[in-house]
Amino acid sequence: MKTKVGFTRIIILSALLTAGISIMLSAGTNALEEPQYENMAGKEIFLLACANCHGPDGKGQPQSRVGFDVPLPDFTDCDFTSREPAPDFVSVAHQGGPVRGFEQLMPAFGNVLSIEEITRAVKYVKAFCTDSNWPDGELNLPRAIFTEKAYPEDEAVLTFGANEDFDNISGEFVYEQRFGSRNQIEIVIPFGWSEMTVPNGVKPATDWTSNLGDLAVGVKRTLFHSLDKGSIFSAAAEVIMPTGDEAQGFGKGTFVFEPFLSYGQILPADFFLHSQLGAEFPAQGDKAETEAFFRLALGRTFTTGGWWGRAWSPMIELLASGELESGSNIFWDIVPQIQVTLNTRQHIMFNIGVRIPGNFSSSRDIQVMAYLLWDWFDGGFLEGW
Ligand code: HEC
């Protein structure tokens, strides 16, 4: 009797066990199938596809957990996350790290996730930065040659300009560094070379003089920014010091105070616009005139090799300046130009253009202009090619 009951129990137990195992096995095969990302929110996609490495909190899993020593970004750090445009993050997640010169360890999800799904996950990633003081990187529009941007930058720019005869070459080194969420300091070091002219007006073939111009330091602060509106607006003030050689035409010989306003706007169809309005007030009125200037740049960005490929941004600038005195002349110029990203990371850029005088052209030269820009926060000059 005892054994009989025991036997029934064993049969029931083993039946339950078999059922249990088969349920577990079928659940197991389900787990091996691709998750259905289609209807998932960005958060769920992130937790399933990204959090293994990036951590559910976006700070990056420890090295002991991921098993590699490439540092993972901390997405909660606004100084990192806010300044990267969402389309760049989407490119990296779709194509893998190497598309922007990063490690292969950042996998490509293009075969598993659609652009829309990645975009939702990236929106969740961007929201790890919860401080809305930081202007979004999408407002960091391509830099024109003359019109100063409203976006606070970490960059170094070397600009050259030469007249038609190439007997007068001027240059400028600009260093910009952000501090805090909305501020930036700027140092400008102008320099130049010109072919010497002896008093009788004859140019000796080989004599060139090189000179330092008037050094400038400035601060800029973003007063308003909104990614929804696509707008950014900043105010800045610069002090220009009389370090240049006035006699050689490389300086004004007086301190000059230059306040200005800058505005950037994203327009439909990948168009964008910058404008800048400012004035120059010399400390000694007999050395230089009080002048006002207005600059406008309109451009559009195109990409080659897929939308994550090289970015080309043709622009046209309009420059106007004149003395702040009624009846004085207004000088204006147009500057067609094209900016191109040189490397895969897209943080080294080149721009070439021509400054064409719109009026008084007999006394003003056409100039060929070019700059090399290095967005140094994104990596060393030789990184990400
Ligand atoms: C196997 C681990 C792993 C997974 C899974 C992973 N990542 Fe990454 N990710 C990395 C590594 C490693 C880096 C850093 C690469 C570097 O700095 O070279 C990185 C960097 C990034 C960056 C920063 C790029 C930049 O501009 O610096 C973004 C954005 C990113 N990942 C998004 C995602 C998203 C979105 C997902 C999920 C769809 C994801 N990652 C899944 C490993 C991973």
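The values are calculated or read from the model by the stated rules, or taken from the named source; none is laboratory data. Everything numeric here is computed off the predicted structure, so don't read it as measured data. Cβ coordinates were reconstructed from backbone atoms using ideal geometry, including for glycine residues, and neighbour counts include every protein chain displayed.
Answer yes or no as to whether Asp375 is away from the ligand (no atom under 16 Å from the Cβ), buried (at least 16 other Cβ atoms within 10 Å of the Cβ) and of a type in the set (D, E, K, R). It is false that Asp375 is away from the ligand (no atom under 16 Å from the Cβ), buried (at least 16 other Cβ atoms within 10 Å of the Cβ) and of a type in the set (D, E, K, R).
State all residues of region 102-122 that are more than 8 Å from the ligand (Cβ to nearest atom) and of a type outside the set (S, T, N, Q); if no residue qualifies, say none. Across region 102-122, the qualifying residues are Ala108, Gly110, Val112, Ile115, Glu116, Glu117, Arg120.
Please work out which residue is nearest to Ala370 (Cα to Cα), limiting yourself to region 323-352 and to residues that are over 26 Å from the mean Cα position of the chain (by Cα) and not in a loop (DSSP other than H, G, I, E, B). Let's see the steps before the verdict.
Step one: filter region 323-352 for residues over 26 Å from the mean Cα position of the chain (by Cα), giving 323-333.
When the remaining residues are screened for being not in a loop (DSSP other than H, G, I, E, B), the result is 323, 330-333.
Values: Glu323: 27, Ile330: 25, Phe331: 22, Trp332: 19, Asp333: 16 Å.
So the residue we want is Asp333.
Note on region 240-264: residues that are more than 20 Å from Gly192 (Cα to Cα) and in contact with a Phe, Trp or Tyr (Cβ under 7 Å, 6 or more places away or on another chain) amount to 3.
Applying a threshold of 8 Å to beta carbon distances and a minimum spacing of six or more residues, or different chains, the list of pairs starting in region 99-124 at a residue that is closer than 20 Å to Glu44 by Cβ and ending at one that is assigned to a loop (DSSP other than H, G, I, E, B) and among the polar types (S, T, N, Q) is empty.
Taking residues in region 356-381 that are farther than 30 Å from Ser82 by Cβ, and partners anywhere that are of a type in the set (S, T, N, Q) and surrounded by fewer than 19 Cβ atoms within 10 Å (Cβ to Cβ), the pairs with Cβ atoms closer than 6 Å and at least 6 places apart or on different chains are Asp365/Asn163; Gln367/Asn163.
Count, please, the residues in region 68-95 that happen to be free of Cβ contacts under 8 Å to residues at least 24 places away in the same chain, near the ligand (Cβ under 9 Å from one of its atoms) and part of a loop (DSSP other than H, G, I, E, B). Qualifying residue count, region 68-95: 3.
Tell me whether region 122-145 contains one or more residues that are on the phi > 0 side of the Ramachandran plot and at pLDDT below 95. No.
The set of residues in region 309-340 that are modelled with pLDDT of 95 or more and over 26 Å from Pro357 (Cβ atoms) contains only Trp312.
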